[in-house]
1. Counting only Cβ atoms, what residue of chain A lies nearest to the axis that sends chain A onto chain B, and how many whole Å off?
2. State in Å² the accessible area per residue of the protein assembly as shown; use a 1.4 Å probe, count heavy atoms of protein chains only, and round to the nearest integer.
3. Could you pull out every whole DSSP H run in chain A that spans at least 20 Å of Cα extent along its own axis and averages 0.0 or higher on the Kyte-Doolittle scale?
4. Using just the C-alpha positions of the protein assembly as shown as equal point scatterers, what log10 of I(q)/I(0) does the Debye formula give at each q in 0.07, 0.10, 0.11, 0.13 1/Å?
5. List, largest first, the extents of the alpha carbons of the stretch B:167-206 along their principal axes, each in whole Å.
6. So, with +1 on the Cβ of K and R and -1 on the Cβ of D and E, and no other charges, what is the size of the charge dipole of chain A about its Cα centre, to the nearest 20 debye?
7. Check A:V226: other-chain or 5+ apart residues with amide H under 5 Å from its amide H, H built from backbone geometry?
8. What is the distance in Å between the Cα centroid of the stretch A:53-75 and that of the stretch B:153-217?
Protein chains: 2
Amino acid sequence: MLPINAKTQVCGIFGHPVGHSLSPEIHNAAFQALGLPYVYVAHDVQPGCVVRALEGIRVLGYRGLSITIPHKVEAMAGVDEVDATARIIGCINTVVNENGRLLGYNSDGLGAVNALREAGADPCGSHTVVLGSGGAARAVAVTISREAPPETLTILGIDAAELDRLAADVRRQGKSTVHHEQLTDTSLQCALASADLVLHCSPIGMHPQEGRSLIPPALLRPTMAVFDAVYNPRRTRLMQDAEQAGCKTILGLEMFLGQAFVQFQLWTGQSAPRDVMRKVVEAKL
Amino acid sequence: MLPINAKTQVCGIFGHPVGHSLSPEIHNAAFQALGLPYVYVAHDVQPGCVVRALEGIRVLGYRGLSITIPHKVEAMAGVDEVDATARIIGCINTVVNENGRLLGYNSDGLGAVNALREAGADPCGSHTVVLGSGGAARAVAVTISREAPPETLTILGIDAAELDRLAADVRRQGKSTVHHEQLTDTSLQCALASADLVLHCSPIGMHPQEGRSLIPPALLRPTMAVFDAVYNPRRTRLMQDAEQAGCKTILGLEMFLGQAFVQFQLWTGQSAPRDVMRKVVEAKL
């Protein structure tokens, strides 16, 4: 890292808790690799205090922020402008401070889209199935429907109200034919029968549910690309099954890295040093 | 420096402008030398915004702050408690965040006292002359009158109202016999005739007045210890003259370092690595 002096620009992350976050190490390694005069620190911000904390970084002149759980929705109220995609997703994970004006973005979905494209699994024009209707599903479904619209987009979930709302928001983008349905053995089997891209965005497979998978291996076909938003454990049961079935697999790690690449570019105006950042994450997970 | 991660504690400085400050390099070098998980960053805070900025560092969980020009008075209004010496001085240069409670201190005077003691020029029991009645003079005169009271303390200045107020505040400590008088050729000559410690706290000799000195060399005697609060240039005309006259000299640099040592200990609970911090300053000045 460059020596930190009085001209060093400050970025940070708001979370609660935040002590486990890898983001400081990832971004500081990236700043160092490019010789940029930036430093990235972590702040454990209490729920209910996020708007005041954003007022703080504005007065202190931070360059930008990552916003993580549980602050992504609350932070929307503390920025001056929210990017259209983030507004539809309903939360932000990124703040850029443009001379005291705080701009909110959501780089989670874009991180996934970029990762899919790099893996040769561009959602654009595909038959895509999204599993889940929570925060990760919203970020992914809304962003692909705007940035890389599939021909058909089927969303399966278990929370009917959440699912209806997500489907309506995605349908409103008007670029994909959107189906949505309660997630059952039958609906899953039916949806996967014609899918070429499967985006798993439920918590199944994540600690403490590691070892479980939502998708019976028999439904996986080698023509499918399968993405799992879960990145802890790094290689979930679903990813193992999909690989076994000959599918192209895209790990949740790639979405996590992808959102960080987008943030880095928003703050610094420079392309993220991807290999450096990936190496930090791989060393830690 | 330790790699900055999500558990790293954050300290900083508020100033305006702040880009010239050496404090980030000094404190970061010190954290690094002791292997402490701290980082120190600079914030250019606009005048009028200091209380909001303090509210910010409270919510963000900073461990502590340095406060520099022009914010030392304004910052008093944003902390929860002000140490007694700082209250009498009338400004703070240090903040410690104890679990959301902001405590204000002034380490400038204590930095000078410690430097004088280390140089073998303890004010305690001496005949001390303070030249000036502004911010530096207040910090030095109030602190020595409380922490290392001279037998006699003579304060000479040119701003009568400021001088009267400082003399009254120092006199109220009740531990030294305090004289104060308008600074003239005569009062200076008279005061120095019996002085064994001279503390120069006016801006004379500082850029853009380098090369000038308030004290005619003929008034300097080898039994005197002479301190100059000015540290830029590092060795002022007064310090050169005093050395020439055989006086013990204490550079303003020592007060600057001394206040940083006190801050470091307040934030970390550890003794400052003095040589490391001195080396950073000497390399820069």
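1. A:G56, 1
2. Computed with neighbouring chains in place, this is 40 Å² per residue.
3. Taking the DSSP H segments of chain A (at least 20 Å long, mean hydropathy at least 0.0), we get A:252-268.
4. The Cα Debye sum returns log10 ratios of -0.53, -0.83, -0.94, -1.18.
5. Extents along the principal axes, in whole Å: 31, 24, 20.
6. So the magnitude is around 460 debye.
7. HN-HN under 5 Å from A:V226: A:V198, A:K248, A:T249, A:I250.
8. Cα centroid of the stretch A:53-75 versus Cα centroid of the stretch B:153-217: 48 Å apart.
The values are calculated or read from the model by the stated rules, or taken from the named source; none is laboratory data. Everything numeric in this text was worked out from a predicted model, so none of it was measured. All Cβ positions, even for glycine, are placed from backbone atoms using ideal geometry, and neighbour counts span all protein chains on display. For accessibility, only protein heavy atoms count, side chains too; no ligands or nucleic acids. Shrake-Rupley method; radii C 1.70, N 1.55, O 1.52, S 1.80 Å.
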